[in-house]
Amino acid sequence: NKSRLVAQGYTQVEEVDFDETFAPVARLEFRILMAIASHLNFKLYQMDVKSAFLNGMLQEEVYVEQPKGFVDPHKPNDLYKLKRALYGLKQAPRAWYDKLTSYLTENEFKRGNVDNTLFIRKDKKHFVVAQVYVDDIVFGSTNENLCKSFANEMKKKKKV
């Protein structure tokens, strides 16, 4: 019996309700990642981040109307001030991506110079690479145990 509050982001107006539309999209480096994985003979895995757009903290003030069918009869004109992103909100992708980036860089990942959606963590012999694409993460490693560790790490931190 889950229910989900979804923001009506389509009613937001650029430069009034939000500054930009944002979606982290992998560019050329995704092709390079696939070529490297093929050359070094390691598997790539894909994670769908189901709660991606619910995990970001908002940097600006965002208000939403009360959902239809759940309007407080004593305060029908009140608005809700959001602290976290909601599905449908124009700010949600950036809020999640910022949170994910902070987490990865705090955990020794380096962000790609050309494509900011590519993250690499190296040790003496092996590396883990993660590519973010909207609300998916494609990752792989030269060591299978590092892939399992990365997947568990992400699940534990509620990123996926």
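Structural remarks
- Considering segment 75-103, the residues that are in a loop (DSSP other than H, G, I, E, B) and not aliphatic (A, V, I, L, M) include one that is surrounded by the most Cβ atoms within 10 Å (Cβ to Cβ), namely GLN91.
- Residue identified as in a helix (DSSP H, G or I) and among the hydrophobic types (A, V, I, L, M, F, W, C) among LEU146, LEU58: LEU146
- Here ASN145 meets the list (1) of a type in the set (S, T, N, Q); (2) surrounded by 18 or more Cβ atoms within 10 Å (Cβ to Cβ); (3) free of Cβ contacts under 8 Å to residues at least 60 places away in the same chain almost entirely, failing just condition (2).
- Taken over segment 104-117, residues that are open to solvent by 20 Å² or more (accessible area, probe 1.4 Å) and either without any contact (Cβ under 8 Å) to a residue 60 or more places away in the chain or in contact with a helix residue (DSSP H, G or I) (Cβ under 7 Å, 6 or more places away or on another chain) (or both) amount to 8.
- Residue list for segment 20-60, restricted to those being modelled with pLDDT of 60 or more, open to solvent by 90 Å² or more (accessible area, probe 1.4 Å) and farther than 30 Å from ASN145 by Cβ: MET57, GLN59
The values are calculated or read from the model by the stated rules, or taken from the named source; none is laboratory data. Owing to the predicted nature of the structure, the values given are computational and were not obtained by experimental measurement. Don't worry about glycine lacking a Cβ; one is built from the backbone with ideal geometry, like all the others, and counts go over all protein chains shown. Side chains are part of the model used for accessible areas, which takes the heavy atoms of the whole protein and leaves out ligands, DNA and RNA. Shrake-Rupley method; radii C 1.70, N 1.55, O 1.52, S 1.80 Å.
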